[in-house]
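Contents: one structure, followed by commentary.
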Amino acid sequence: MAEATAQPATIKDVAALAGVSVPTVSRYLTGAARISDDKRARVAAAVAELNFTPNPAARALGGRAPGVVAVLAGNTSRYGYAETLRGIEEAARADGHLVTITALDGAGEAELGAAVGLALSQPVAGVIVLAFEPAGVAALNRLPSGVPAVALSGGRFDGRAQIVIDEDAGAFALTSHLLSLGHPTVHHVRVPSPGGEGGRTAGWRRALITAGRPVPAIIEAGWEPAEARPLGRALAGRDEVTAVFCGNDEVAMGVIAGLRDRGVRVPRDVSVAGFDDHPLAQLWNPALTTVAQDFAELGRRGWQLLRDRAVGESLITLTPDLILRASTAAPRPGRPARDH
């Protein structure tokens, strides 16, 4: 006797389990506001329990028909996000697919669920998640297991197809270079990470420990250069600081501005390095030493992985490049105490 084959859940199954009407489920999936919090929570629970997805994606991914690629991103305006989105869109369009983009920055739990539901309510070929920060990670974790999805990130997620930039290796190379110039240690201004200390911080720490150097306390920063400027002013008052590694280039620019506010010269008094190779990094004064990440290539490779594999666990690692410019130099011997 043949075994019965489990059928995918339908929108009617979701409605029955949640105790609501089919139109209510439809409104939830499209992110409509006309649904109570109680019903929204019941539908969300039913969707998760049934592993429901309204999207027959295999036909589009197989190339038999054009489809829509849904991209979920915590932010769309910052350099790394914008370049990654450009890479995804260009590669998908070349293969005859359209791209929709959902920005999740500032979304709470209810808004996040509605945004993911809306992205999955159309006949998408698959989903690409930019999981560089908590909103992206939360969206990734909300995707039903049957949805073809690829994560693009600096960290790893078990059970997911993903492209990872080896930020640990990049930060290790940069920190090691600063130590090779003769700096006794390297101070670190960290940008937010979606979980744990992040690859950039891990690589910095590993380089210091490998070299037997002291590991200074981490200085926490946000994403904006203006927020980093006061940190630069504070660092100017610490004579032991000779080298600073910032979590991204924009923060490094803010730190340099703050150091200058206090009369500290870069790199004569303090070396400063960033991460990402922002387009302004080479135009900054001084031109910024950094780690170059090819975000557009990250996006292109993300689409290719989604197109070729669709589902299942797969990992591709991209290695960033160390870019040496004028913002770093050997510490000045016999450097006098700075005026504050």
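What to note about this one:
- Identity of the residue in region 291-340, more than 19 Å from the chain's Cα centre (by Cα) and of a type in the set (Lys, Arg), that ends up modelled with the highest pLDDT: Arg325
- When residues of region 238-257 are limited to those that are surrounded by fewer than 21 Cβ atoms within 10 Å (Cβ to Cβ) and at pLDDT 95 or above, the one farthest from His187 (Cα to Cα): Ala257
- Applying the criterion of at least 2 residues that are of a type in the set (S, T, N, Q) to the strands (runs of 3 or more DSSP E) found wholly in region 263-333 leaves 314-318.
- Number of residues in region 263-281 that are surrounded by fewer than 16 Cβ atoms within 10 Å (Cβ to Cβ) and over 21 Å from Leu318 (Cβ atoms) equals 4.
- Scanning region 217-237 for residues that are free of Cβ contacts under 8 Å to residues at least 60 places away in the same chain and crowded, with 17+ Cβ neighbours inside 10 Å gives Ile219, Ala221, Pro225, Ala228, Arg229, Leu231, Gly232, Arg233, Leu235.
- Counting only residues that are exposed (fewer than 13 other Cβ atoms within 10 Å of the Cβ) and either touching a residue at least 12 places away in the same chain (Cβ under 8 Å) or part of a helix (DSSP H, G or I) (or both), region 35-47 holds 2 of them.
- Members of region 113-134 found to be part of a helix (DSSP H, G or I) and at pLDDT 80 or above, listed by number: Gly113, Ala114, Ala115, Val116, Gly117, Leu118, Ala119, Leu120
- Counting only strands (runs of 3 or more DSSP E) that sit completely within region 135-238, zero hold 2 or more residues that are aromatic (Phe, Trp, Tyr) and either under 30 Å from Ala44 (Cα atoms) or in contact with a Gly (Cβ under 9 Å, 6 or more places away or on another chain) (or both).
- Of all positions in region 140-149, at least one carries a residue that is under 19 Å from Gly80 (Cβ atoms) and either more than 18 Å from the chain's Cα centre (by Cα) or not assigned by TED's automatic domain parsing to the domain that holds Gly203 (or both).
- For Ala119, the stated conditions do not hold, so it cannot be described as in contact (Cβ under 8 Å) with a residue 60 or more places away in the chain and buried (at least 20 other Cβ atoms within 10 Å of the Cβ).
- Only a single criterion out of (1) touching a residue at least 40 places away in the same chain (Cβ under 8 Å); (2) closer than 20 Å to Leu318 by Cα is not satisfied by Asp168, namely (1).
The values are calculated or read from the model by the stated rules, or taken from the named source; none is laboratory data. Just so it is clear, the structure is predicted and the values come from calculations on it, not from any experiment. Cβ sites come from the backbone with ideal geometry, for glycine too, and all protein chains shown count toward neighbours.
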